[in-house]
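Comments concern the structure below.
The values are calculated or read from the model by the stated rules, or taken from the named source; none is laboratory data. What you see is a predicted model, and the numbers here were worked out from it, not measured in a lab. In this analysis, Cβ positions are derived from the backbone assuming ideal geometry, glycine residues included, and neighbour counts consider all displayed protein chains.
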Amino acid sequence: MTSLAQRARHLRDLLRAAEPVLENALSRELTREDSWDATGVNSFSAGESYASPEAIGLAAALYKRGLKNAPPLPYTSASDAQTSLCAPCTQREGTELRAELAARATRGEIAIVIDERFAALHPAWGEIARRANSFFIDARESNKTLSMVTALLDHLTHTPASCGSLVSIGGGLTSDACGFAAGLVGAPFEVVPTTYLAAVDAAQGGKTGVNAPPFGKNQIGLFHGAHAFHLVPDVFSTLELEERASGFGEALKHVFLYGAWPLAGDSGVDFDALTLSPQALSWQMSAKVRVVEADPRERHVRRLLNLGHTLGHAWEGLQEEGLVSRLPHGMAVVFGLLALDKGGLLRGVPPDFRSILKELLARFSPQAVGSASARETAFRRLVRADKKNSEHGTIVFVTPAFGVLATTAPADFATLPEEQYVTRLPEGDAFALFEEALRG
């Protein structure tokens with residue numbers, strides 16, 4: 001069996017060869033449903049050179065997390081494909097977990113991938129990472145590209161023969177990059193989430209991805225679930241307001257779907273400070289796990305977890321182009337929820353839940369910048385590129401009733417009729433929905 005370092009070297013070089021193929025497909029606005037002949041080398045030329053069939057096969061497996069009938073990844077076994085995408089979650093003491101990771105790193109058993117800002121704010125964690133010769137990630141959204149994954153794979157080419165798994169210590173961007181690389185080389189990985197957003201959503205469920213500017217967010221990725229999820233409450237102590245807001249807004253999505261916040265009698269949710277107790281975080285993770293286990297590869301009911309995200313991602317794309325003010329990711333999702341509610345696409349929304357959404361979003365004063373015509377041009381391009389859309393000419397929105405999963409038995413999640421939670425709108429109508437919400 002090849003070592004992790006050897007597999008990393010192979011995938012690093014193959015990923016570089018697949019990158020122009022992926023860019024070509026993105027530029028053509030191909031969806032996951034479009035026909036893409038993985039052996040048609042001449043169809044995806046890169047300048048004057050042609051990609052190999054192996055590179056094209058890798059591109060097909062990574063494009064929007066995999067085209068229909070895409071070949072398996074080089075180091076994915078049949079047993080890997082059947083593995084749950086949700087890791088068991090264990091609450092750990094930071095001192096205990098650090099000692100365990102330090103011992104494993106000293107024996108050369110693990111490679112650590114860590115957010116460099118978190119390492120600086122938490123010296124005890126940073127010291128372990130430095131002793132383990134870890135890969136430090138500059139966790140800015142602008143860095144979340146294939147270049148980051150390629151650099152991580154390059155780092156892994158220097159791991160000892162004893163190294164068999166990866167450990168992510170950071171937010172959602174860090175776990176995305178770590179999980180992506182682990183999936184490529186066929187290695188297990190573990191997660192220590194250090195932001196609310198990673199804990200409640202991004203790091204659990206096996207969806208990994210990177211951005212492909214200018215074509216949109218998370219357009220390239222794969223499914224590869226973590227093997228362990230370590231919840232360490234004290235790592236959230238240094239989160240700034242925007243980071244807390246991102247996790248909080250994402251958490252409200254689960255509240256909407258289940259119609260409850262978050263456990264009967266739980267008093268650990270602070271709406272003023274935007275903080276989440278360990279109990280609330282555990283509930284959030286279990287809420288997501290139940291959906292993912294019913295639909296691991298997002299073929300039907302897992303789409304519910306995209307609630308608010310189509311317009312939220314559009315906001316984030318527009319803000320990168322200077323056409324709207326800046327919002328944390330979670331508040332962009334809240335904007336998406338409010339827009340759907342205002343447009344009458346959500347049913348049964350309680351007034352108090354709607355008030356919470358409005359009060360939270362108002363803290364960040366969302367505003368338009370520039371002309372409506374410039375926004376519309378950019379909006380149409382962004383929603384077409386959104387990774388969740390698989391249809392030409394219409395925009396697919398997740399529009400369930402409040403508490404849809406509270407009234408559906410977990411055994412029936414997989415058979416929930418699509419017409420109960422999906423609405424399709426022409427692009428012009430979708431933009432009108434966005435603008436109406438923007439006006440307040």
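Here are a few things to note about the model shown:
- Region 241-260: number of residues that are over 12 Å from Trp283 (Cα atoms), part of a helix (DSSP H, G or I) and more than 18 Å from the chain's Cα centre (by Cα): 3
- Pro88 vs. criteria modelled with pLDDT of 90 or more and either among the aromatic types (Phe, Trp, Tyr) or on the phi < 0 side of the Ramachandran plot (or both): no
- When restricted to residues that are in contact with a His (Cβ under 7 Å, 6 or more places away or on another chain) and farther than 20 Å from Thr423 by Cα, region 326-352 contains 0.
- Within the option set Glu320, Glu293, being modelled with pLDDT under 95, within 17 Å of the chain's Cα centre (by Cα), on the phi < 0 side of the Ramachandran plot and assigned by TED's automatic domain parsing to the domain that holds Ser365 holds for one residue only, Glu293.
- Against the test of being buried (at least 22 other Cβ atoms within 10 Å of the Cβ), assigned to a helix (DSSP H, G or I) and either more than 18 Å from the chain's Cα centre (by Cα) or free of Cβ contacts under 8 Å to residues at least 24 places away in the same chain (or both), the options Val200, Val235, Val149 yield a single qualifying residue, Val235.
- Residue ID - modelled with the lowest pLDDT, chosen from residues in region 108-135 that are in contact with a strand residue (DSSP E or B) (Cβ under 6 Å, 6 or more places away or on another chain) and not aliphatic (A, V, I, L, M): Ser134
- One residue stands out in region 170-197 among those that are closer than 17 Å to Cys89 by Cβ and of a type in the set (Ser, Thr, Tyr): the one that is surrounded by the fewest Cβ atoms within 10 Å (Cβ to Cβ), namely Thr195.
- Residues in region 108-141 that are touching a residue at least 24 places away in the same chain (Cβ under 8 Å), within 20 Å of the chain's Cα centre (by Cα) and in a helix (DSSP H, G or I): 2 in all.
- Qualifying residue in region 63-73 (condition: surrounded by fewer than 17 Cβ atoms within 10 Å (Cβ to Cβ) and either of a type in the set (S, T, N, Q) or in contact (Cβ under 8 Å) with a residue 40 or more places away in the chain (or both)): yes
- The set of residues in region 424-440 being surrounded by fewer than 16 Cβ atoms within 10 Å (Cβ to Cβ) and either in contact (Cβ under 8 Å) with a residue 60 or more places away in the chain or more than 25 Å from Lys358 (Cβ to Cβ) (or both) consists of Arg424, Pro426, Gly428, Glu435, Glu436.
- Counted residues, region 281-302 - those being within 15 Å of Gln204 (Cα to Cα) and not in a loop (DSSP other than H, G, I, E, B): 15
- Unique residue being outside the structural domain of Lys68 (by TED's automatic domain parsing), crowded, with 23+ Cβ neighbours inside 10 Å and farther than 26 Å from Gln91 by Cα when the list is Leu337, Leu345: Leu337
- Asp154 at pLDDT 95 or above, acidic (Asp, Glu), surrounded by fewer than 22 Cβ atoms within 10 Å (Cβ to Cβ) and over 17 Å from the mean Cα position of the chain (by Cα): yes
- Of residues in region 371-389 being surrounded by 16 or more Cβ atoms within 10 Å (Cβ to Cβ) and among the small types (Gly, Ala, Ser), the one modelled with the highest pLDDT: Ala378
- Hey, Ala59 outside the structural domain of His230 (by TED's automatic domain parsing) and either among the hydrophobic types (A, V, I, L, M, F, W, C) or part of a loop (DSSP other than H, G, I, E, B) (or both) or not: yes
- Within region 403-428, considering residues that are in contact with a Leu (Cβ under 7 Å, 6 or more places away or on another chain) and in a loop (DSSP other than H, G, I, E, B), the one nearest to His300 (Cα to Cα): Tyr421
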